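Data first, discussion second: the structure below is written as structure tokens.
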Amino acid sequence: MSMASHALLLVAIILLSSPVVLATCACHDIAKLLPGRVFLPDSSEYKTSISSYFFLNSRQSPKCIVAPTIADEVAKIVKKLSVREKKQVAIRSGGHTPNPGFANTDSGITLDLRGLNKITLQGPSADVVSVGTGTLWRDIYATLDPVNRTVVGARVASVGVGGFLTGGGLSFFSPKYGFGCDNVVNMEVVLANGTIVSANATSHPDLFRALKGGQGNFGIVTRFDLITHSQSEYWGGAIQYAASADAAQLSAFESFKAASYDGSAEIEQTFVYFGALKTFSSTNNMFYMKPVANASALKMFADIQPQTTNTMRISNTSAFAEEIEMFQPKDQFATYATLSFRMGPGILPKIYKQWKDATTSLSAKVPNVTSVLTFQDIPPPPAANAPGNSFPFAPDSTPHKDDVLVLFSFYWPHKQEYELVESTIKGLTGSAQKLVGDRVKFKYLNYAAAWQDPIGSYGDEMNKMLVRVAKSYDPSGFFQKVVTGGFKLSM
């Protein structure tokens with residue numbers, strides 16, 4: 001072989017082993033295996049899928065999108081992709097994450113699981129509902145509200161099932177029933193070798209626990225079987241307040257945490273800066289799981305003045321989830337960060353001041369930024385006789401009474417402002433963490449920034465268990481090495 005031929009062969013080998021070329025080859029392989037399920041960039045299906053991501057951060061450009069509709073198809077895809085060694089696969093359920101690369105990719109294949117959206121009520125009392133991983137919560141609520149049942153699902157109607165539940169899941173009903181994942185009785189899971197298994201309290205219980213908070217490190221959950229709870233209409237909605245009410249708001253949240261715990265009461269207290277209007281304000285989204293207006297557990301918030309908007313009424317979960325959906329800052333760039341802390345006197349106003357100072361400084365450089373600070377409860381842990389999750393709360397602990405979960409979130413219109421906003425939220429989160437200390441290390445995965453380590457916050461023993469489970473069910477490391485994005489284990 002001549003030197004020139006040898007050089008050309010070497011170049012060809014290098015090109016064919018690149019992630020982009022491997023992804024293109026895999027697209028064609030899967031298209032042959034599953035005709036009609038692979039969409040290339042020039043197709044309307046591809047463009048519709050990309051544009052449906054909630055935030056601009058995730059509207060990336062994979063080499064193709066693969067859209068299975070049943071678990072068997074997912075298994076065939078995974079089996080085909082498992083022979084690839086390059087990082088090139090992203091997995092999408094609802095597409096709500098603001099972290100780039102977590103549910104989409106620019107250099108490989110995206111599995112769009114929204115076609116796995118079947119909803120099936122089980123039993124004469126509909127006490128269990130089976131839902132595909134790509135189902136949106138609005139469709140589940142629309143199925144259950146007419147029969148006076150509900151599930152511990154998302155508060156925003158368009159959120160998908162899969163990422164929400166494997167990341168934990170905060171709900172209207174979490175103060176009473178815990179994280180959404182604690183209300184799952186069975187998961188249908190596609191493993192890295194293409195095997196489909198059921199994970200529950202008696203079958204693969206280690207996998208079942210790991211998937212409740214460990215997200216995409218072990219397999220692809222294609223179906224969840226969820227406990228349904230009896231639920232008629234209840235009191236809820238939102239109240240918006242002028243900025244002059246901020247001090248009263250913070251005081252009311254302190255009083256709420258100091259009062260006797262009421263599992264029927266749920267609140268997200270939010271402080272907002274709207275750059276487009278150059279105004280600060282606050283909002284309480286709050287709910288009481290009974291048809292009791294102005295319930296005493298939430299009355300301290302309902303009484304605060306001045307109020308600019310009040311939608312509190314007796315209604316159902318579908319109506320409340322759609323209302324929250326209406327006010328979400330869609331079609332913008334976004335970034336989240338989170339922390340938790342042990343409640344104590346004077347902490348809330350200090351965090352609020354840090355957030356307001358950082359927001360004021362940022363708004364001078366990013367004039368159309370929307371900046372948000374949210375306080376809420378951490379749900380109660382599962383009982384000692386119930387299946388556990390991956391989170392660091394013992395059955396006899398009381399994080400729902402003692403601790404507060406913080407979410408910082410920023411939204412803005414222009415890509416070139418990304419680094420500036422990211423720098424601000426990193427600095428703000430670091431300052432707040434220094435203020436509250438690390439007594440409560442928990443970082444809620446579904447709110448965590450890509451640069452945070454929520455799985456690490458579960459503690460050393462839990463992380464060791466998660467690594468053992470990953471090595472047992474995925475010995476080749478497909479979900480660590482081939483699937484891009486997401487929060488990975490420290491292997």
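Quick rundown of the values:
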item: Enumeration of residues in the stretch 60-100 that are modelled with pLDDT under 95 and of a type in the set (S, T, Y); result: S82
item: Residues of the stretch 261-292 satisfying the condition of being touching a helix residue (DSSP H, G or I) at 6+ places or on another chain (Cβ under 9 Å) and outside any strand (DSSP E or B); result: Y261, D262, G263, S264, G275, K278, M289
item: Pairs, first among the charged types (D, E, K, R) in the stretch 306-325, second part of a strand (DSSP E or B), C-beta under 8 Å, six or more apart; result: R313/W235; R313/G236; R313/G237; E323/G237; E323/A238
item: Residue within the stretch 137-144 that is assigned to a loop (DSSP other than H, G, I, E, B) and not polar (S, T, N, Q) present; result: no
item: Matching entry among G95, G101, G108, G132 (being surrounded by 21 or more Cβ atoms within 10 Å (Cβ to Cβ) and on the phi > 0 side of the Ramachandran plot); result: G95
item: Every residue from the stretch 48-92 that is among the basic types (K, R) and open to solvent by less than 40 Å² (accessible area, probe 1.4 Å); result: R92
item: Selected residue [in a loop (DSSP other than H, G, I, E, B) and at pLDDT below 95] from A126, A157, A103; result: A126
item: Among (1) touching a Phe, Trp or Tyr at 6+ places or on another chain (Cβ under 9 Å); (2) open to solvent by 10 Å² or more (accessible area, probe 1.4 Å); (3) of a type in the set (G, A, S), the one test that S44 misses; result: (1)
item: Among the residues listed as G437, G430, the single one being touching a residue at least 40 places away in the same chain (Cβ under 8 Å) and open to solvent by 10 Å² or more (accessible area, probe 1.4 Å); result: G437
item: Meets criteria (touching a residue at least 40 places away in the same chain (Cβ under 8 Å) and not in a loop (DSSP other than H, G, I, E, B)) for D72; result: yes
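Conditions (1) in contact (Cβ under 8 Å) with a residue 24 or more places away in the chain; (2) touching a Ser or Thr at 6+ places or on another chain (Cβ under 8 Å); (3) crowded, with 16+ Cβ neighbours inside 10 Å, marked per residue:
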| site | (1), (2), (3) |
| --- | --- |
| L191 | yes, no, yes |
| S198 | no, no, no |
| F218 | yes, no, yes |
| T222 | yes, yes, yes |
| A259 | yes, no, no |
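The values are calculated or read from the model by the stated rules, or taken from the named source; none is laboratory data. For clarity, every value in this text was computed on a predicted model and none was experimentally measured. As a convention, Cβ positions derive from the backbone with ideal geometry for all residues, glycine included, and neighbour counts pool all protein chains shown. Accessible surface is based on the protein model in full, side chains and every heavy atom, while ligands, DNA and RNA are left aside. Shrake-Rupley method; radii C 1.70, N 1.55, O 1.52, S 1.80 Å.
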